[in-house]
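Engineer: Mind looking over this structure? Questions follow.
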Amino acid sequence: MAGKRLVVTICASLIAFMAYSSVYAYRKPFTVATFEGVRYWDISYQTLLIISQVIGYMLSKFAGIKFIAELKSLGRFRTGIILTGTAWFCLLGFGLVPEPWGMLFMFINGFLLGFMWGVIFSYLEGRRATDLMGAVLAVSFIFAGGFTRSVAKWLMVEWDVSEKWMPFFTGLVFLIPLLIFLFLLEKIPPPDETDKKERTARILMNAESRKLFLKTFGIGLVIVSITYLFLTVMRDIRDNYMANIWNELGYGTDYSIFTKTETNTCLLVLLTMGLLVLIRKNIRALAMVHIVIAAGFLIAGISSLLFITGQMDGAVWMQLASLGLYMGYIPFNCIFFERLIASFRIAGNVGFLIYFADAFGYLGSVTVMLIKEFARLRLNWSEFYSHGVVIGSLLGLAGTIFSLIYFTRRYRVANLK
């Protein structure tokens, strides 16, 4: 039985990882195209496209608070195919229409793909090995962000694909893998009785159950959402403007830089997250997750401060800032809420909590990008990002400490030891 469970864990982890990595090919590679010199309303076309997609993605998170919380097991494969397939056709529309109408297609693309994390994670939650499975799935953010951009850059450099058509053809490259891995997700066995006993059975959350959760843990969820907001802003700016930052640091012609640096971060974060599965008691694991997030804020903030003061090389800074931010960001997408539900024996699912935090996180991301453009801040992206990471890390660290104190006290009061 133990051997079978290990095989299921490994296979499910890899399938989910490859599935979401394939989904990423329809979302982020377009950011490799800088559309140099193209501006509308005195804002770069690249920024307008990014903001359009992020607004769509943000709105899907608000819609997902209900949609993902009430998602049924039956029909998930069809849902995934419809969402990603339509998002790919949006990339076809992006290539066909004149500028700046591509903004509309990027908005729809972002809205559709915003649901896919919840769809894929729903196959993994509620298991004793969810920490490890979720960590493997979550680091696909890092790996896929670099790998799919390398593929996009390769198409432009080696195959002379234009900036407008690069997103569509990148999606074409990943079409068959996407279909295969979404199909394989359906073959993952559901949680067994031992999983349900240790991690609680995961059920749909209707409006009444969502209101009950907010009434019981509202303060804690608000604290967590604010902390996650800073992580989302910092991570999203880096993710969207990674090509710009590497260009400013002198790596503009190296299309392998995305994969090389992100793969290193991916492995380190995966190792850190994977160790948390060894902690069986849920409240202890929840406390340790807080410590990992706090350490991530410290690494990102200190490395950025050293870069700003000229005491650290730009490439090393990008690597450390990435490591720190993902040490904070990844747990919220796979472990934090999983262990929170298990610690307090909450009747519900992780999707509702992730999408609640995500909604406000992406709202903050959109707000910051708009402020930079309309406030006419005279900073390039590496300067803007490094200063922002220092500020965000300080505020995020304070929120993490507050969250740890809040949930630890709630657990003691509830006498759930």
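The values are calculated or read from the model by the stated rules, or taken from the named source; none is laboratory data. Only a predicted model underlies this, so the values are computations on that prediction, with no experimental measurement involved. Neighbour counts are summed over all protein chains in view; Cβ atoms, including those assigned to glycine, are modelled from backbone coordinates with ideal geometry. When the accessible area is computed, the model is the full protein with side chains, heavy atoms only, and any ligands, DNA or RNA have been set aside. Shrake-Rupley method; radii C 1.70, N 1.55, O 1.52, S 1.80 Å.
Engineer: I need the chymotrypsin sites (Phe, Trp or Tyr not before Pro) found in region 83-112, filtered to DSSP loop residues with at most 16 other beta carbons within 10 Å of theirs. Don't skip to the answer; put the middle values down first.
Structural biologist: On the way: sites: Trp88, Phe89, Phe94, Trp101, Phe105, Phe107, Phe111; in loops: Trp101.
Within region 83-112, the qualifying chymotrypsin sites (Phe, Trp or Tyr not before Pro) (loop, at most 16 other Cβ atoms within 10 Å) are Trp101.
Engineer: For region 142-248, which chymotrypsin sites (Phe, Trp or Tyr not before Pro) pass both filters: DSSP loop (anything but H, G, I, E, B) and at most 13 other C-beta atoms within 10 Å? Present the calculation step by step, with values, prior to reporting the outcome.
Structural biologist: On the way: sites: Phe143, Phe147, Trp154, Trp159, Trp165, Phe168, Phe169, Phe174, Phe181, Phe183, Phe213, Phe217, Tyr228, Phe230, Tyr241, Trp246; in loops: Trp159, Trp165, Phe174, Tyr241.
Answer by residue number: Trp159.
Engineer: Expressed as an acute angle from 0 to 90° and rounded to the nearest 10, what is the orientation of the C-alpha long axis of helix 350-374 relative to the principal long axis of the chain?
Structural biologist: Orientation of helix 350-374: about 30 degrees from the principal axis.
Engineer: Here's a follow-up. Carbon and sulfur: what percent of region 321-417's accessible surface (1.4 Å probe)?
Structural biologist: Values: 2490 of 3720 Å².
Using a 1.4 Å probe with all protein chains present, region 321-417 comes out at 67 percent carbon and sulfur.
Engineer: Roughly speaking, what is the stretch gain from Ile82 to Asn206, that is 0.36 nm per residue apart minus the C-alpha to C-alpha distance, in nm to one decimal? Present the calculation step by step, with values, prior to reporting the outcome.
Structural biologist: Working: separation 124, 0.36 × 124 = 44.64 nm, distance 2.39 nm.
Stretched out fully, the Ile82 to Asn206 stretch lengthens by 42.3 nm.
Engineer: On to the next question. To the nearest 500 deg cm²/dmol, what mean residue ellipticity at 222 nm is calculated for the chain from DSSP H runs of n ≥ 4 alone, each contributing -39,500 (n - 2.57), summed and divided by the residues?
Structural biologist: Calculated from helices alone, the mean residue ellipticity at 222 nm is -25000 deg cm²/dmol.
Engineer: In nanometres, what is the gap between the two model label sites at Ile405 and Glu36, each 7 Å from Cα along Cα-to-Cβ?
Structural biologist: Each label point lies 7 Å from its Cα, and together they span 5.1 nm.
Engineer: What's the angle, to the nearest 10 degrees (0 to 90), between helix 314-332's Cα axis and the longest principal axis of the chain?
Structural biologist: 40
Engineer: I've got another one for you. Please arrange Met156, Met273 by accessible surface area, largest first, computed with a 1.4 Å probe and ligands excluded.
Structural biologist: Details: Met156 40, Met273 0 Å².
The ranking, largest first, comes out as Met156, Met273.
Engineer: I would also like to ask the following. Averaging sequence separations of C-alpha pairs under 8 Å and six or more residues apart, then dividing by the length of the chain, give the relative contact order as a whole percent. Write down the numbers at each step before the final one.
Structural biologist: Details: 626 pairs, mean separation 107.9, N = 417.
Relative contact order here is 26 percent.
Engineer: Ordering His387, His290 by accessible area with a probe of 1.4 Å, largest first, what comes out?
Structural biologist: Working: His387 90, His290 5 Å².
Descending accessible area places them as His387, His290.
Engineer: Taking all protein chains in place and a 1.4 Å probe, what share, in percent, of the accessible surface of region 34-98 do carbon and sulfur account for?
Structural biologist: 68
Engineer: Computed from these coordinates, which is Cα Rg over 2.2 N^0.38 Å: [x] 0.94; [y] 0.98; [z] 1.11?
Structural biologist: Label of the calculated value: [x].
Engineer: Sort Val38, Val54 from largest to smallest accessible area, using a 1.4 Å probe on the heavy atoms of the protein chains. Spell out each step's value before the answer.
Structural biologist: Working: Val38 40, Val54 5 Å².
Sorted descending by solvent-accessible area, the residues read Val38, Val54.
Engineer: Another one. What do you get for trypsin sites (Lys or Arg not before Pro) in region 280-352 restricted to DSSP loop and a cutoff of at most 13 other Cβ within 10 Å of the site's Cβ?
Structural biologist: Working: sites: Arg280, Lys281, Arg284, Arg339, Arg345; in loops: Arg280, Lys281, Arg345.
For trypsin sites (Lys or Arg not before Pro) across region 280-352 that sit outside H, G, I, E and B with at most 13 neighbouring Cβ atoms in 10 Å, the list reads Arg280, Lys281, Arg345.
Engineer: Mind listing the long-range amide H neighbours of Arg39? Cut-off is under 5 Å, sequence gap 5 or more, other chains count too, H placed in the peptide plane at 1.01 Å from N.
Structural biologist: It is Tyr45, by chain and number.
Engineer: How big is the accessible area of Ile293 in square angstrom, nearest 10, if you roll a 1.4 angstrom probe over the protein chains?
Structural biologist: Spelled out: Ile293, probe radius 1.4 Å, area about 0 Å².
Engineer: Glu70's amide H: which non-local residues (gap 5+, or another chain) put their own amide H closer than 5 Å, with H modeled 1.01 Å from N in plane and none for Pro or chain starts?
Structural biologist: Met205
Engineer: Among residues other than Trp381 whose Cβ falls under 11 Å from its Cβ, what is the net charge (Lys/Arg +1, Asp/Glu -1)?
Structural biologist: My count for the surroundings of Trp381 gives 0.
Engineer: Let me ask another. Run the quick spin-label model on His387 and Asp192: label points 7 Å from Cα toward the beta carbon, then report their separation in nm to one decimal.
Structural biologist: Rounded to a tenth, the inter-label distance reads 5.7 nm.
Engineer: By how many nm would the segment from Trp159 to Ile176 lengthen if fully extended, with 0.36 nm per residue of separation less the alpha-carbon distance?
Structural biologist: Roughly 4.1 nm would be gained on extension.
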